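**Student:** Encoded as structure tokens, here's the structure I'll be asking about.
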Amino acid sequence: MQLDCYLSFDGNCEEALNFYAQCLGGKVTLMRFETAPKDSGMEVPPGWEKKVMHGTLDAEGAQIMGSDVPPNMGSGGKFAGFTVSAWVKEGPDRARKVFDALGAGGKVVMPFAPPFWGGHFGMLEDKFGVPWMVSCE
């Protein structure tokens, strides 16, 4: 079994996935609403044709997926009740770089440091409002 996170944005999914690619490495692939078949029944509001219907960041064997959620399909950009966890295998120096990169323009909740249980750990909310935990041995 593999579990991945799927984030719903309110129009800035492409920007967010590209930001995560800068922070974590990896490659972003995007599918836009304009590529949906006309008979799909999907009602896309004017101006949303180029927004992300589905996007994926593949980073070192991990995936972050996401999409833009048009107002008529629900709501995106409201991140609560979960935290994205990044376990960095390369050690504390790389984990610190990931933590600092993800935190750029965001808010540190718990500074990246050795916690009482060992290793290194920190919590933050990125500039898109997504909560993160970054840890390593």
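**Student:** If you check P92 against the conditions, is it over 19 Å from C5 (Cβ atoms), without any contact (Cβ under 8 Å) to a residue 12 or more places away in the chain and outside the structural domain of C5 (by TED's automatic domain parsing)? Steps first, please.
**Tutor:** Values: over 19 Å from C5 (Cβ atoms): yes; without any contact (Cβ under 8 Å) to a residue 12 or more places away in the chain: no; outside the structural domain of C5 (by TED's automatic domain parsing): yes.
Judged against the criteria, P92 is not a match.
**Student:** Same structure, new question: Can you tell me which residues in the stretch 89-110 are at pLDDT 95 or above, assigned to a loop (DSSP other than H, G, I, E, B) and touching a strand residue (DSSP E or B) at 6+ places or on another chain (Cβ under 9 Å)? If you could, list the steps in order and put the result at the bottom.
**Tutor:** At the first step, the residues of the stretch 89-110 found to be at pLDDT 95 or above are 92-110.
Checking the rest, the ones that are also assigned to a loop (DSSP other than H, G, I, E, B) come to 104-106.
Within the stretch 89-110, just G106 meets the criteria.
**Student:** For the subset of the stretch 19-47 comprising residues that are part of a loop (DSSP other than H, G, I, E, B) and buried (at least 16 other Cβ atoms within 10 Å of the Cβ), which member is modelled with the highest pLDDT? First the steps, then the outcome.
**Tutor:** Step one: filter the stretch 19-47 for residues part of a loop (DSSP other than H, G, I, E, B), giving 25-26, 36-47.
Adding the requirement that they be buried (at least 16 other Cβ atoms within 10 Å of the Cβ) leaves 26, 44.
Values: G26: 95, V44: 83.
Out of the qualifying residues, it is G26.
**Student:** Still on this structure, I have one more. May I ask you to list the residues in the stretch 48-81 that are assigned to a loop (DSSP other than H, G, I, E, B), modelled with pLDDT under 95 and not hydrophobic (A, V, I, L, M, F, W, C)?
**Tutor:** Residues of the stretch 48-81 that are assigned to a loop (DSSP other than H, G, I, E, B), as a first pass: 48-51, 60-61, 69-70, 74-81.
Subsequent filtering for residues that are modelled with pLDDT under 95 retains 48-49, 60-61, 69-70, 74-81.
Those that are assigned to a loop (DSSP other than H, G, I, E, B), modelled with pLDDT under 95 and not hydrophobic (A, V, I, L, M, F, W, C): E49, E60, G61, P70, G74, S75, G76, G77, K78, G81.
**Student:** Does the stretch 48-62 hold any residues that are surrounded by fewer than 16 Cβ atoms within 10 Å (Cβ to Cβ) and small (G, A, S), and which are they?
**Tutor:** Answer for the stretch 48-62, where residues must be surrounded by fewer than 16 Cβ atoms within 10 Å (Cβ to Cβ) and small (G, A, S): G61, A62.
**Student:** Let me ask something else about it. Looking only at the stretch 111-133, count how many residues are touching a helix residue (DSSP H, G or I) at 6+ places or on another chain (Cβ under 6 Å) and either among the polar types (S, T, N, Q) or not in a loop (DSSP other than H, G, I, E, B) (or both).
**Tutor:** Within the stretch 111-133, the first condition is being touching a helix residue (DSSP H, G or I) at 6+ places or on another chain (Cβ under 6 Å), and the residues that meet it are 112, 120, 122, 124, 126, 128, 132.
Imposing the further condition that a residue be either among the polar types (S, T, N, Q) or not in a loop (DSSP other than H, G, I, E, B) (or both) reduces the set to 112, 120, 122, 124, 132.
Number of matching residues: 5.
The values are calculated or read from the model by the stated rules, or taken from the named source; none is laboratory data. Keep in mind that what you see is a predicted model, and the values were worked out from it rather than measured. Backbone-built Cβ (ideal geometry, glycine too); neighbour counts: all protein chains shown.
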